[in-house]
Amino acid sequence: MRNRFNRRRRPQDPGDINITAFMNLMVILVPFLLITAVFSRITILELNLPASASAAQQDKPQEFHLEIVVRADSIEVGDRDGGLIKRLPLIGKDHDYKQLSLLLQQVKARFPDKLDATLLLEPQIDYDTVVQVMDKVRIARVLQTGTLQSAELFPEIAIGDAPMDGVKVAANSRVK
C-alpha cells in the first residue's frame, strides 16, 4: 500500500507549451488589423445643448440669435428676440433645403462674425431631416470662379426642442 501512495506524490514534469499555433495566428491577425484600421474613420460633430439662462443677460445689448425651427410642415428661420425672418413651407413631401441654404447665406452676409445657431426640432422630425438641415446650417456650397466651393456659415450648432406652433418661448429659457 505504501508504494501506491508514493507513486501519487512524485512530482510531475511540466510539459512544454506549444505556442506555434498562437504565433501563426498573431502573424496573420496583426497585419490584418493594421490594414483595416486605416480605412475606418469616425467623424464627430460637436454640439452644444441649450442650458438655462442667467440673470446677467439683462445688461447686455440685444444681439442677433439665429434660430432654425424645424417643423413637420415647414422650416422657420428667425431671430430669438426679433422674431420670424422667413418661413419655408414643404415642397411636395420634402423640406426646401435649397431655399434654406440661400436664406442662411443672406443672414451670414448681414452677420459675418456670427458663428452659432440654435436648431429647434419638433419631436416627430426624422433623423435624416435633422442631418440635412444641420449640413445646410454649417456649410453652403457656392459657385466661385467656375468651381463649387464650400463656405462656412454657422458651424456652432445648439440643439433643442421646438416651441409649440405659434407660441413664443421666453428668451431666458434657452441659451446657445
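The values are calculated or read from the model by the stated rules, or taken from the named source; none is laboratory data. Quick caveat, the model's predicted, so the values are computed rather than measured. Glycine gets a Cβ as well: all are built from the backbone with ideal geometry, and neighbour counts include every protein chain shown.
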Q: Select from region 68-101 the residues that are closer than 18 Å to Thr118 by Cβ and among the β-branched types (Val, Ile, Thr) and write down the one among them that is surrounded by the fewest Cβ atoms within 10 Å (Cβ to Cβ).
A: Ile85
Q: Take Asp116 and decide whether it is loosely packed, with under 12 Cβ neighbours inside 10 Å, in the same structural domain as Glu63 (by TED's automatic domain parsing) and in contact (Cβ under 8 Å) with a residue 12 or more places away in the chain.
A: no
